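The values are calculated or read from the model by the stated rules, or taken from the named source; none is laboratory data. Just so it is clear, the structure is predicted and the values come from calculations on it, not from any experiment. Don't worry about glycine lacking a Cβ; one is built from the backbone with ideal geometry, like all the others, and counts go over all protein chains shown.
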């Protein structure tokens, strides 16, 4: 929603050779924001992978006797309105967070990159057609597109992921297309074409690797938007449905419980915030490292 | 009733006091009500929604009869009535000299106009079941109306006391045509001023209001408040905040926000336990598992109703063990106590074992190779329902039954029950009359999922033809017993209405059906 | 340049048709609708199917899809967006009143975003690498990472309920403050970053050093020499932000009960009132396209060198 599509054009880069990849990694490891962002993300991945062994309670077990208990040694983050342990639910929520990231990014990236590649390197009529399609998708404000997909498919966690995935397609498509257009006129591409290399060989062998770095950076900025949108959907009851341990869904009753049980609101809210923040930090770090000019 | 009842929770109208400067023309405070949702229309013919009924029924429109504190019909716009010997004809004599807000007369033609509108197929009115086997409506003179039914229709008097059968000015309906739903005109104590869609509805005191004929009203004179503002506030959190800041000094409350006000000396809390809603679990009897009444009974023993009362309503509900809600005339506490099956996991386990369900690997029950995995459907968007489902799922898990939950919007959920792709569903119904048992449970059931049970069907049919209330209630008692012995559904709970008002609000009274008597409300002199 | 404008306008046409078709598809794909909601459970199955058939016919739901699309398009062109299934009132009326509210919110938030964003970005650039800079950029990073609905809730709790500074359910200008602040502050974050980086660049130019060497007062250097040059990038982004603000307003409206079309859209989806859903999507998308079009055209007017290539 707030991500500007002006930025991708700043990221046009020459081909990355193996040597500079090592340099990139080196720079990354010495970047403080990369450590913070990457560190938190690793923590999230760890929590997601080992959730069943980490959690003290079953995140779905209802126990009305201990409902709405404040944080204590027995329940680190307290309990919610049904007596479920919030800490356990937050930990399981990491799985859904990663799932949303993965699915939304996969849908948006796979379709978007393909469309962008075809538009940038294919015949002119294909470019026109695809760009018109993208324009129609872009004609809808982000949230509206997401809502429209939900309206058709009905609310659920899966449709929410599909919806934010679809809404992400235009961004990737335009980025890739811009990159492709800037690369295809480079000399060595011309040379390859002169040498008779097939179109797809050029596409996949030469163009695509150049697009990878800006794609990754873009991904680390676009994915948080997708996750925020998915959380907003769950908050509105149009995404993940109860009793899912999704952080946005855990905030459904936030407004009524804010006063009497602040921990039920603080935990999922901070979880979303921290996770998104770490993605943004990592994105910042990646951008610093891969394209210092824009700092 | 539609699930919208959960938002409105019987009267979702509550009073708020705004320190409005008294206008020169009308002295008296302005009351601010909360509406749980924006009504889709204010023409009662077009809607069965509770919100519409509250806006119209409490303030703007009036009907032939009202139910007194004992639940018996009393004369309101009708002066008297007589029932024929064969119980198929009811003749009403109307009060003379009553006028609509637009100055036109209320008379027998206005009554006939309303019923004709309901029966008009072009209106596709959802109110058709309310008039039952109505055969003919005659108007022998301007103050007499005669209803003729094909067979005796017991629920009729209760239905007449509902806002859906209150009267609109025929002149106004003709004048406004399609937009009448935006300008209702009735005979009530308050008349319509304006409607800001989605935001608020403004009403003002009816200066020509007739004498107060209701015995259950305290204020026999003109209504105290000069203006009523109905604000649409869908989120309970917002309503609670508005209560605290004084913008909406009182409101109806749901579970999570009740604790904030209940023990606070700055507010008065009114709790109505005589409510007519029921939360229950239903079975798809098309599937063999649920044709075994032992399984159904086990479900009744399996559910921890107290847990749901706590989780869904913060304790402001009562476990229900019978199929008729406690506030409905005919509720038989004795029958319920004797035949109801309260939470008892041990008995549930025993019954399931008895029915042939044995624990398999991982504790999951099995019978003849079929695993105890069931789909429970319900409707989405309501915290109380979500929490109830979570508790039920957990209770069943303790027994070795694996329940998957699926909620969807009411408009999708309810029609989908007609299909055979579910096992159980959680439903909630609000209706003030014993006819609800027939509406829902007489075979084939409201969703074609109930197998014929001659005992149930015959007793329900009989109850609907008994016009005399005492006889009818006895019959309803039998019906409750029969339904419980068959455990056609598993009753879970009935939630109370909870309303918080500011300390200085007086005269806030609910009538027998839980509707507000707005003319009674006033402020204490400070 | 006028050919550019003309081309842009012409390109808008297929996009609008695409929007129309997409919104129409929405109706076709929805499995249930409010008509069914009204009657299921109230009538016996026979009566219900009769009533539904009558309502279906009334709304033209029983004709083939291409006929429906044609009449829908025709209706749109004559300003008739159909009737709300739920309230039976003209869709255009239901939307019209709320549309103004959304626009109010969008522009109020835009003012907030612009002011806060530009000021904090410029200040951060001027005091580059000091604690002021770092704090400012950190806060803006937080702003991007914060879920809007969460931030809104906290703001309500603090400002309305705890401090009692603003009313909770007031609809007038007072009710606009909190939602505009929430939306504006969040959208200020990217603006602040761009403002900062372009100011940094502007301040690093030679003529700035020359101006300082000449002894000009700092305020003149910054405000009259550096800022106007930085403004170009800022304005570019700000223009893009308007559209994004318009979309971002949707969720904000729901949280603050601000009666705009965003709130209407969410409700309409919950109610399966597809004529309203269609209408809102159509109007919103068209507005968004128009906003971006106007912004693009304004750019070429500001700086003819920029031809914002969207195709």
**Request:** Run down A:74, A:139, A:108, A:51 and say which single residue is touching a helix residue (DSSP H, G or I) at 6+ places or on another chain (Cβ under 8 Å), over 28 Å from residue A:288 (Cα atoms) and away from chain C (no Cβ under 14 Å).
**Result:** A:51
**Fill in**
Scanning segment B:244-260 for residues that are closer than 19 Å to residue B:385 by Cα and touching a helix residue (DSSP H, G or I) at 6+ places or on another chain (Cβ under 6 Å), the one surrounded by the most Cβ atoms within 10 Å (Cβ to Cβ) turns out to be B:256
**Asked** Of (1) farther than 25 Å from residue B:513 by Cα; (2) surrounded by 18 or more Cβ atoms within 10 Å (Cβ to Cβ), residue B:78 satisfies all except one. Which?
**Response** (1)
**Complete:** Considering only helices (runs of 4 or more DSSP H) wholly within segment B:434-486, the ones with at least 1 residues that are without any contact (Cβ under 8 Å) to a residue 24 or more places away in the chain and away from chain C (no Cβ under 14 Å) are B:454-463, B:469-486
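So, residue B:225, is that one buried (at least 22 other Cβ atoms within 10 Å of the Cβ), more than 14 Å from chain A (Cβ to nearest Cβ) and assigned to a loop (DSSP other than H, G, I, E, B) or not?
Numbers: buried (at least 22 other Cβ atoms within 10 Å of the Cβ): yes; more than 14 Å from chain A (Cβ to nearest Cβ): yes; assigned to a loop (DSSP other than H, G, I, E, B): yes.
Yes, satisfied.
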**Fill in**
Conditions (1) more than 14 Å from chain B (Cβ to nearest Cβ); (2) modelled with pLDDT of 80 or more -> residue A:250 fails only (1)
**Complete:** Checked against (1) under 16 Å from residue A:81 (Cα atoms); (2) surrounded by fewer than 22 Cβ atoms within 10 Å (Cβ to Cβ); (3) in contact with a helix residue (DSSP H, G or I) (Cβ under 6 Å, 6 or more places away or on another chain), residue A:290 satisfies every condition except (1)
**Asked** Between residues in segment A:190-206 that are over 18 Å from residue A:179 (Cβ atoms) and residues that are modelled with pLDDT of 70 or more and surrounded by 10 or more Cβ atoms within 10 Å (Cβ to Cβ), which pairs lie under 8 Å by C-beta distance while being six or more apart or on different chains?
**Response** A:197/A:205
**Request:** Working carefully through the options C:228, C:217, C:167, find the one that is surrounded by fewer than 22 Cβ atoms within 10 Å (Cβ to Cβ), facing another protein chain (nearest Cβ under 10 Å) and without any contact (Cβ under 8 Å) to a residue 24 or more places away in the chain.
**Result:** C:167
**The one condition in (1) part of a helix (DSSP H, G or I); (2) more than 25 Å from the chain's Cα centre (by Cα); (3) touching a residue at least 40 places away in the same chain (Cβ under 8 Å) that residue A:81 fails to fulfil** = (1)
**Asked** modelled with pLDDT of 90 or more and either closer than 29 Å to residue B:191 by Cα or within 14 Å of chain A (Cβ to nearest Cβ) (or both) - does that describe any residue in segment B:233-248?
**Response** no
**Asked** Of all residues in segment A:139-162, which are surrounded by fewer than 24 Cβ atoms within 10 Å (Cβ to Cβ), assigned to a helix (DSSP H, G or I) and more than 20 Å from the chain's Cα centre (by Cα)?
**Response** A:152, A:153
**Prompt:** Does segment B:57-70 contain any residue that is modelled with pLDDT under 85, within 14 Å of another protein chain (Cβ to nearest Cβ), over 20 Å from residue B:268 (Cβ atoms) and surrounded by fewer than 24 Cβ atoms within 10 Å (Cβ to Cβ)?
**Reply:** no
**Asked** With respect to the numbered conditions (1) over 30 Å from residue A:283 (Cβ atoms); (2) within 14 Å of chain A (Cβ to nearest Cβ); (3) part of a helix (DSSP H, G or I); (4) modelled with pLDDT under 85, which one is the sole condition not fulfilled by residue C:103?
**Response** (4)
**Message:** Looking for something touching a helix residue (DSSP H, G or I) at 6+ places or on another chain (Cβ under 8 Å), surrounded by fewer than 17 Cβ atoms within 10 Å (Cβ to Cβ) and either within 14 Å of chain A (Cβ to nearest Cβ) or closer than 30 Å to residue A:265 by Cα (or both) - is there at least one such residue anywhere in segment B:268-290?
**Reply:** yes
**Answer from C:186, C:261 - the residue that is crowded, with 24+ Cβ neighbours inside 10 Å, over 18 Å from residue B:199 (Cα atoms) and within 11 Å of another protein chain (Cβ to nearest Cβ)** = C:186
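Only one of B:198, B:186 is away from chain C (no Cβ under 14 Å), in a loop (DSSP other than H, G, I, E, B) and in contact with a strand residue (DSSP E or B) (Cβ under 9 Å, 6 or more places away or on another chain); which?
B:186
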**Request:** Answer yes or no: is there a residue in segment C:128-142 that is at the interface with chain A (Cβ under 8 Å from one of its Cβ atoms) and under 25 Å from the mean Cα position of the chain (by Cα).
**Result:** yes
**Of the criteria (1) assigned to a loop (DSSP other than H, G, I, E, B); (2) over 21 Å from the mean Cα position of the chain (by Cα); (3) away from chain A (no Cβ under 14 Å), which one residue B:321 fails** = (2)
**Asked** Inside segment B:166-182, can you point out the residues that are closer than 20 Å to residue B:127 by Cα and either in contact with a helix residue (DSSP H, G or I) (Cβ under 8 Å, 6 or more places away or on another chain) or crowded, with 20+ Cβ neighbours inside 10 Å (or both)?
**Response** B:166, B:167, B:168, B:169, B:170, B:173, B:180, B:181, B:182
**Qualifying position, being away from chain A (no Cβ under 12 Å) and over 30 Å from residue C:219 (Cα atoms), among C:178, C:114** = C:178
**Prompt:** Give me the pairs: first residue in segment C:10-26 and more than 7 Å from every other protein chain (Cβ to nearest Cβ) and touching a residue at least 40 places away in the same chain (Cβ under 8 Å), second residue surrounded by fewer than 20 Cβ atoms within 10 Å (Cβ to Cβ) and assigned to a helix (DSSP H, G or I), beta-carbon distance under 7 Å, and six or more apart or on different chains, which are they?
**Reply:** C:12/C:293; C:16/C:286; C:20/C:73; C:24/C:69
**Request:** For segment B:447-467, enumerate the residues that are modelled with pLDDT under 85 and in contact with a strand residue (DSSP E or B) (Cβ under 9 Å, 6 or more places away or on another chain).
**Result:** B:447, B:467
